[in-house]
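Written below as structure tokens is the structure these notes are about.
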């Protein structure tokens with residue numbers, strides 16, 4: 001009780017403490033801006049890094065149960081270029097490009113939507129909440145975009161290694177898959193995809209949130225330059241690779257042309273362990289590591305820079 005008879009709320013944050021925060025309240029990113037920036041970032045990134053994704057997928061599909069077709073990354077690239085030219089390294093790009101733009105749009109839009117509701121009074125997002133928001137964003141993108149997109153991509157790449165390729169292009173391939181297998185044909189490996197994307201984005205956004213908070217310190221609005229953003233992104237990408245490559249391998253097998261061999265995601269994992277051992281879960285790790293680190297770094301750089309431009313021309317506060 002003050003001297004003038006007014007009651008003091010003990011839970012109210014003193015104004016002097018709020019004013020003491022060097023950068024004031026952190027600025028929030030409107031989900032609409034996140035959708036636009038994320039979509040643009042995803043489209044540019046995939047055009048740059050697709051060959052590494054192609055090699056990773058081929059190595060994962062090159063099961064030990066059969067005589068290995070490739071002796072490693074270099075041999076995979078050499079055989080592909082020899083048989084199909086440099087364009088062969090971009091087989092399946094169309095299906096991935098059509099999905100990458102909406103995938104990144106959904107991911108960043110959902111993350112910003114969730115994180116805007118998870119921040120504290122100063123607008124800060126702690127690491128744990130960043131992980132949960134990333135998990136939510138990953139699950140959403142898996143169900144809406146990634147599973148059908150990845151299934152078509154894997155089938156296209158696997159089809160190229162067949163003696164008589166059956167898909168003549170994106171639309172022909174998709175129509176053939178649906179005609180012969182129904183809608184379920186483009187939703188193979190949904191459980192594995194949800195697990196992979198959910199853990200992927202949970203790890204990445206957790207690391208990014210942790211590094212950003214560390215760098216910004218007491219100033220939530222401290223600017224991070226593109227080089228540092230890219231470095232943080234590469235670290236986050238590497239962490240996600242080592243954290244969930246086994247799930248990525250299972251997902252790829254469940255979406256390949258020989259997915260009928262597996263009764264379920266668990267059955268696929270058991271058979272990989274039984275036939276190939278623990279190393280089988282880490283096939284394609286090196287090419288995936290190179291691609292993902294570059295992927296995440298590029299995406300976060302482009303995303304952050306586009307958001308800056310949108311903040312200047314699109315006032316949402």
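The values are calculated or read from the model by the stated rules, or taken from the named source; none is laboratory data. Everything numeric in this text was worked out from a predicted model, so none of it was measured. Backbone-built Cβ (ideal geometry, glycine too); neighbour counts: all protein chains shown.
Among the conditions (1) within 22 Å of residue 290 (Cα to Cα); (2) modelled with pLDDT of 80 or more; (3) part of a helix (DSSP H, G or I), residue 82 misses just one, which is (1). Residue-level check: of (1) under 25 Å from the mean Cα position of the chain (by Cα); (2) not in a loop (DSSP other than H, G, I, E, B), residue 223 misses just (2). Scanning the range 67-94 for residues that are closer than 10 Å to residue 51 by Cβ and exposed (fewer than 13 other Cβ atoms within 10 Å of the Cβ) returns a single hit, 86. Of the residues screened, residue 252 is one that is at pLDDT below 85 and part of a helix (DSSP H, G or I). So, residue 120, is that one in a loop (DSSP other than H, G, I, E, B), farther than 20 Å from residue 310 by Cβ and at pLDDT 85 or above or not? Taking the combined requirement at face value, the residue satisfies it.
What about residue 280, is it in a helix (DSSP H, G or I), crowded, with 16+ Cβ neighbours inside 10 Å, free of Cβ contacts under 8 Å to residues at least 60 places away in the same chain and more than 18 Å from the chain's Cα centre (by Cα)? No: the conditions fail for residue 280. Scanning the range 59-73 for residues that are part of a helix (DSSP H, G or I) and either modelled with pLDDT under 85 or touching a strand residue (DSSP E or B) at 6+ places or on another chain (Cβ under 6 Å) (or both) yields 59, 60, 61. Of 40, 135, 114, all but one fail to be modelled with pLDDT of 85 or more, in a helix (DSSP H, G or I), farther than 19 Å from residue 193 by Cβ and under 15 Å from the mean Cα position of the chain (by Cα); the exception is 40.
From the list 34, 26, the one residue that fits, being under 27 Å from residue 133 (Cα atoms), in a helix (DSSP H, G or I) and modelled with pLDDT of 75 or more, is 34. Within the range 206-216, is even one residue surrounded by fewer than 17 Cβ atoms within 10 Å (Cβ to Cβ) and either under 16 Å from residue 255 (Cβ atoms) or in contact (Cβ under 8 Å) with a residue 24 or more places away in the chain (or both)? The answer is yes; a qualifying residue exists. Quickly run through the range 165-182 and pick out the residues that are in contact with a helix residue (DSSP H, G or I) (Cβ under 9 Å, 6 or more places away or on another chain) and closer than 29 Å to residue 246 by Cβ. Scanning the range 165-182 gives 167, 173, 174, 177.
Here is a yes/no grid of residues against (1) closer than 24 Å to residue 269 by Cβ; (2) over 20 Å from the mean Cα position of the chain (by Cα); (3) not in a loop (DSSP other than H, G, I, E, B):
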position: 143; (1), (2), (3): yes, no, yes
position: 148; (1), (2), (3): yes, no, yes
position: 163; (1), (2), (3): no, yes, no
position: 204; (1), (2), (3): yes, no, yes
position: 214; (1), (2), (3): no, yes, yes
position: 228; (1), (2), (3): no, no, yes
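Between 162, 127, the distinction of being more than 25 Å from residue 101 (Cβ to Cβ), touching a residue at least 40 places away in the same chain (Cβ under 8 Å), surrounded by fewer than 19 Cβ atoms within 10 Å (Cβ to Cβ) and in contact with a helix residue (DSSP H, G or I) (Cβ under 7 Å, 6 or more places away or on another chain) belongs to 127 only. Being closer than 28 Å to residue 281 by Cα, under 23 Å from the mean Cα position of the chain (by Cα) and surrounded by fewer than 22 Cβ atoms within 10 Å (Cβ to Cβ) is a condition met by no residue of the range 175-182.
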